[in-house]
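Here is the structure we will look at, set down as structure tokens.
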Amino acid sequence: MASEISSWAAQLEMLGQLGHAALLIDRTGRLLAMNPQFRQLEGAIWRDRSDRLELRQRDVQTAFSAFLERARDGSNKGTSLLVPHQQTDQGWFIHLIPVTRRAQDRLLKGGYVVVASRIALIQKTLEAPVLKQLFGLTLAEARVAHLIGGGLALSQIAEVLNVSPETVRSQTKAIFNKTGTGRQAELVMLLSNAAHAGHFKK
């Protein structure tokens, strides 16, 4: 086990040299190894809870926990989660990449390499609770609208929210009806204008 973790730690260090914050977790989310770049993000997007990875934003942590629960049932597919920063237009994509090569120790089987990529949200948009009140959306619809306004494609939104693409498409249709728009481009324009209006600052 120790030699296997050491091997992975070396690979995480190489990712760090390329500018990537990364760590290794087992199938339960237990921290096994990380590079200094990921350690520097502690407090900003994650925290250590009893040697387990916990993402700071409640809805993102809920999605992360649900993903690990599904993974325990035999699904070892990867996913990506968006962690937006509350006070800026920056955010992070948390990519969970399954350990696919045969691990010598059974504790590593079903584990994940977690890579954090910092991104700039493409558009300024209002937070979901504000959109909910402004347009009479459900909270789920408001979250989708927020991400559409941030420049994400529907397929990306499905991954971020851990829902099916069909659910996102259905919610998008409801958003169009409630906002009086008919296309994503129109919706993005509407949300951008609302975000820049004096009464609705982000």
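Table for the structure above
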quantity: Qualifying position, being assigned by TED's automatic domain parsing to the domain that holds Ser65, under 14 Å from the mean Cα position of the chain (by Cα) and in contact (Cβ under 8 Å) with a residue 24 or more places away in the chain, among Val114, Val144; calculated: Val114
quantity: The stretch 77-113, subset modelled with pLDDT under 65 and aliphatic (A, V, I, L, M), residue farthest from Glu4 (Cα to Cα); calculated: Leu107
quantity: Phe176, sole failed condition from (1) closer than 25 Å to Trp92 by Cβ; (2) modelled with pLDDT of 90 or more; calculated: (1)
quantity: Qualifying residue in the stretch 57-79 (condition: assigned to a helix (DSSP H, G or I) and either among the β-branched types (Val, Ile, Thr) or not assigned by TED's automatic domain parsing to the domain that holds Val115 (or both)); calculated: yes
quantity: Set Ala116, Ala142: member being crowded, with 18+ Cβ neighbours inside 10 Å, at pLDDT 90 or above and assigned to a strand (DSSP E or B); calculated: Ala116
quantity: Every residue from the stretch 1-56 that is assigned to a helix (DSSP H, G or I) and either crowded, with 19+ Cβ neighbours inside 10 Å or of a type in the set (D, E, K, R) (or both); calculated: Glu4, Trp8, Leu12, Glu13, Gln37, Phe38, Arg39
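The values are calculated or read from the model by the stated rules, or taken from the named source; none is laboratory data. Just so it is clear, the structure is predicted and the values come from calculations on it, not from any experiment. Note: ideal-geometry Cβ built from the backbone for every residue, glycine included; neighbour counts use all protein chains shown.
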